Amino acid sequence: MKIAVLPGDGIGSEIIAQGLKVLNALSADGLKLEIEQAPVGGAAYDVSGDPLPAATLKLAREADAILFGAVGGWQYDQLPRAKRPEQAILGLRKELGLFANLRPAKVFPELAEASTLRPEVVAGMDILILRELTGDIYFGQPRGVRKLDNGEREGFDTMRYSESEIRRIAHAGFRAAMKRAKKLCSVDKSNVLETSQLWREVVIEVAREYPGVELSHMYVDNAAMQLLRDPRQFDVMVTGNMFGDILSDEASMLTGSIGMLPSASLDANNKGLYEPIHGSAPDIAGKDLANPLATILSAAMMLRYSFNQDQVANRIEAAVAKVLARGLRTADIHRPGTQRVGTAQMGDAVVAAL
Ligand code: IPM
Ligand code: MG
């Protein structure tokens, strides 16, 4: 199992180090892993002038899976768009065809108290957000900033989805629902957008092939509200790139902390890139404050989806649950009565629990 490890910027290297501790412990236990690291994002720009150097892309292409940290930092905010760290993750997704982004938002019983919503609203919540990742307004052309006749500037982006792009993510949504509670909610804005109208039509067509799944549709504004009102009504939510970006951040917070949420971005053959859904958090970088659990749980998803190692994945997830049950908490999920630990200590505790 060949894994490309791309730590990136900010807290990226600290959280990836904890993920590697876990993988190394499993390798010592007999799992055959081949791990190679490469710079990405701002870290790559600093050494090569390119956030996604050809060598990094090549390593990612040749690997069976990619474990990714996070990219971005204030020192890169003024760079032209093509040089910005975010282009690295967008480029990897596009170049590798990673169109299906799985973002599970599940409340660990021990953390129901850490949510900003009342425990009785979130306890037991278990949602899978399936976000389309290679289309939509993120990649649609034309885009740019142009000068209008009256002399002022106008910015523009294009939201677009082809039928085949909608169809393949819809299939992924139905397949995911089949493995869970068999409820799929498709989120769109078809009361306003043409793109969304086509989205809804195609999802309804695909639904005919999955009579066992209960399909519903929701406008994105309502979905944002329903996630706060009654998150337990959802099983799988399937949506486009931008709506999914926003709703997955919202859903993550219901679980207690964005620092807990892993993700998988898969291509048609289940090759995947695995990353925590949080960003590079430059404000806490290098302070041993970051929560490494989202990265460790991303490594578990990697073993499950790209390597079919369900048992090992379960073992990692059980180790995380055990550490939480023992009361260990990083700063983001710390509450009175629990034991506050740093990033590295949390990683060590998970390894010990394994
Ligand atoms: C995410 C992030 C990225 C996105 C950024 C870093 C480009 O917010 O993975 O959700 O918008 O997709
Ligand atoms: Mg995001």
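Here are the numbers:
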| item | result |
| --- | --- |
| The one condition in (1) within 18 Å of the chain's Cα centre (by Cα); (2) open to solvent by less than 30 Å² (accessible area, probe 1.4 Å) that SER13 fails to fulfil | (2) |
| Strands (runs of 3 or more DSSP E) wholly inside region 11-114 that include at least 2 residues being over 22 Å from ALA344 (Cα atoms), away from ligand 1 (no atom under 16 Å from the Cβ) and of a type in the set (Phe, Trp, Tyr) | none |
| Candidates ALA88, ALA123, ALA114 - the one that is within 16 Å of ligand 2 (Cβ to nearest atom), touching a helix residue (DSSP H, G or I) at 6+ places or on another chain (Cβ under 9 Å) and of a type in the set (A, V, I, L, M) | ALA88 |
| Any chance ARG167 is under 25 Å from the mean Cα position of the chain (by Cα) and within 30 Å of ALA112 (Cα to Cα) | no |
| Count - residues of region 252-264 that are within 16 Å of ligand 2 (Cβ to nearest atom) and either without any contact (Cβ under 8 Å) to a residue 24 or more places away in the chain or out of contact with any Asp or Glu (no Cβ under 7 Å at 6 or more places or on another chain) (or both) | 8 |
| Qualifying positions in region 230-246 - open to solvent by 10 Å² or more (accessible area, probe 1.4 Å) and β-branched (Val, Ile, Thr) | ILE246 |
| Subset of region 168-194 (residues that are touching a residue at least 40 places away in the same chain (Cβ under 8 Å) and among the basic types (Lys, Arg)) | ARG168, ARG180, LYS182, LYS183, LYS189 |
| Filter result for the condition that a residue is within 16 Å of ligand 2 (Cβ to nearest atom) and within 19 Å of the chain's Cα centre (by Cα), over GLY19, GLY41 | GLY41 |
| Where VAL187 falls short, out of the listed (1) closer than 15 Å to PRO104 by Cα; (2) of a type in the set (A, V, I, L, M, F, W, C); (3) in a strand (DSSP E or B) | (1) |
| Residue tally, condition charged (D, E, K, R), touching a helix residue (DSSP H, G or I) at 6+ places or on another chain (Cβ under 7 Å) and within 16 Å of ligand 1 (Cβ to nearest atom), over region 203-250 | 2 |
| Out of ASP283, ASP249, sole residue that is without any contact (Cβ under 8 Å) to a residue 40 or more places away in the chain, within 16 Å of ligand 2 (Cβ to nearest atom) and open to solvent by 10 Å² or more (accessible area, probe 1.4 Å) | ASP249 |
| Single match in ARG167, ARG160 (criterion: part of a helix (DSSP H, G or I), open to solvent by 50 Å² or more (accessible area, probe 1.4 Å) and either out of contact with any Lys or Arg (no Cβ under 8 Å at 6 or more places or on another chain) or closer than 25 Å to GLY279 by Cβ (or both)) | ARG167 |
| Filtered residues of region 265-280 (kept if more than 15 Å from ligand 2 (Cβ to nearest atom) and either open to solvent by less than 10 Å² (accessible area, probe 1.4 Å) or not charged (D, E, K, R) (or both)) | LEU266, ALA268, ASN269, ASN270, GLY272, TYR274 |
| Residue selected from region 265-280 under the condition within 12 Å of ligand 1 (Cβ to nearest atom) and either touching an Asp or Glu at 6+ places or on another chain (Cβ under 8 Å) or β-branched (Val, Ile, Thr) (or both), by the criterion modelled with the lowest pLDDT | ILE277 |
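The values are calculated or read from the model by the stated rules, or taken from the named source; none is laboratory data. These figures come from a predicted structure and were not determined experimentally. Don't worry about glycine lacking a Cβ; one is built from the backbone with ideal geometry, like all the others, and counts go over all protein chains shown. All accessible areas refer to the heavy atoms of the entire protein, side chains included, with ligands and DNA or RNA removed. Shrake-Rupley method; radii C 1.70, N 1.55, O 1.52, S 1.80 Å.
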